[in-house]
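Step one of this worksheet: look at the structure below.
The values are calculated or read from the model by the stated rules, or taken from the named source; none is laboratory data. Fair warning: this is a prediction, and the values are worked out from it, not measured in the lab. Don't worry about glycine lacking a Cβ; one is built from the backbone with ideal geometry, like all the others, and counts go over all protein chains shown. All accessible areas refer to the heavy atoms of the entire protein, side chains included, with ligands and DNA or RNA removed. Shrake-Rupley method; radii C 1.70, N 1.55, O 1.52, S 1.80 Å.
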Amino acid sequence: MNDTANTERNAGDPLTLALAQIGVEAGEVEANVDRALEAISRAADRGADLVALPELFNVGYFAFDLYARNAEPFGGETFTRIREAAADHDIAVLAGSIVEDLAATETVATPGDEGLANTAALFDAEGECRLVYRKQHLFGYESAESQLLVPGERLETATIGDFTVGVTTCYDLRFPELYRRLVDDGVELVLVPSAWPYPRIEHWKTLSRARAIENQAYVATINGSGEFEDATLLGRSSVYDPWGVSLASSGDEPALVTAELEPETVGDVREEFPALRDRRL
């Protein structure tokens, strides 16, 4: 275990975080990506240092029959456009996730030589990729995701400003051990791109807040907005501080949620209430 993750103060500059809760239409890749690019531009205009996009923001999570047709290699058009936008606007961007064609990816390590994955990438303000995360827990309840995709295996971290950042995706919220691993790696901010549908509003709010409280870290959940044939996304993108207090949130319509995060807050909370230090497992 990394003891510094539990108690060390991290004094530094605040980070302005924006959550881009964009409208997502099934299979309308060009229109969805255009909305994402517009949100990146608006976040930069508001002075954000980091903007995060939802899960499968380009094709739509519930468009299962369109996954294979719209799969891209890691260095494909969608991530290229997002990377270029990050550099053009001088803002870090979490490209929530896309359906990745593992067989066509050549630029980064993959969990398999073939198949599809739910893949997010974090680009810094110069457009450099700092982190790749493939969703590890694949949803099977009323969903074809677990049948269509290959689960990820790696859990990376990156430094953005004065924060150590980690990423998980949607259904991962239900598996707290994943977040403990991130805390042990020094993570202070977890970004959670999602496509969480109605009616599970209380699960969404409770799990997100719990992950913040139990890990004494900032947790930002970035959901989409929109209706699919069999589901409607509930939106409610939110930022929780290390006490589990909601700093900012949205309704279910498209929105840009912003919050200012203080890096020393994580260390202060962990020192004042040393629950992580008292762990026995």
per DSSP, antiparallel bridges as share of beta bridges in the chain, % nearest 5, sits at 65 percent
DSSP bridge orientation in the range 7-138 - percent antiparallel, rounded to nearest 5: 65 percent
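How much net charge surrounds Phe62 when only the other residues with a Cβ under 9 Å from the Cβ of Phe62 are counted, with Lys and Arg +1 and Asp and Glu -1?
Details: positive: none; negative: Glu229, Asp230.
Local net charge: -2.
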Residue-normalised accessible area of the chain, expressed per residue, 1.4 Å probe, Å²: 41 Å²
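Per the 1.4 Å probe, what fraction of the accessible area of the chain, in percent, lies on carbon and sulfur atoms? Display every interim value, and only then the final one.
Values: 5040 of 11640 Å².
Ligands and nucleic acids excluded, carbon and sulfur reach 43 percent.
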Mean separation of Cα contacts under 8 Å, 6 or more apart, over the residue count of the chain: relative contact order %: 23 percent
Compute the Cα gyration tensor for the range 89-182, then decide on rounded, prolate or oblate, letting a ≥ b ≥ c be the square roots of its eigenvalues: rounded whenever a/c is under 1.5, prolate when a/b is larger than b/c in the other cases, and oblate in all that remain. oblate
Divide by every residue of the chain the summed helix terms, -39500 (n - 2.57) for each DSSP H run of at least 4, and state the resulting mean residue ellipticity at 222 nm, rounded to the nearest 500 deg cm²/dmol. -8000 deg cm²/dmol
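Which percent, to the nearest 5, of DSSP beta bridges fully inside the range 141-281 are antiparallel? Each step should come with its number before you reach the end.
Details: 14 of 22 bridges.
Of the beta bridges lying entirely in the range 141-281, close to 65 percent run antiparallel.
Trypsin sites (Lys or Arg not before Pro) within the range 116-171: which are DSSP loop residues with at most 16 other Cβ atoms inside 10 Å? Don't jump to the answer; show the numbers that get you there.
Working: sites: Arg130, Arg134, Lys135, Arg154; in loops: Lys135, Arg154.
The qualifying sites are Arg154.
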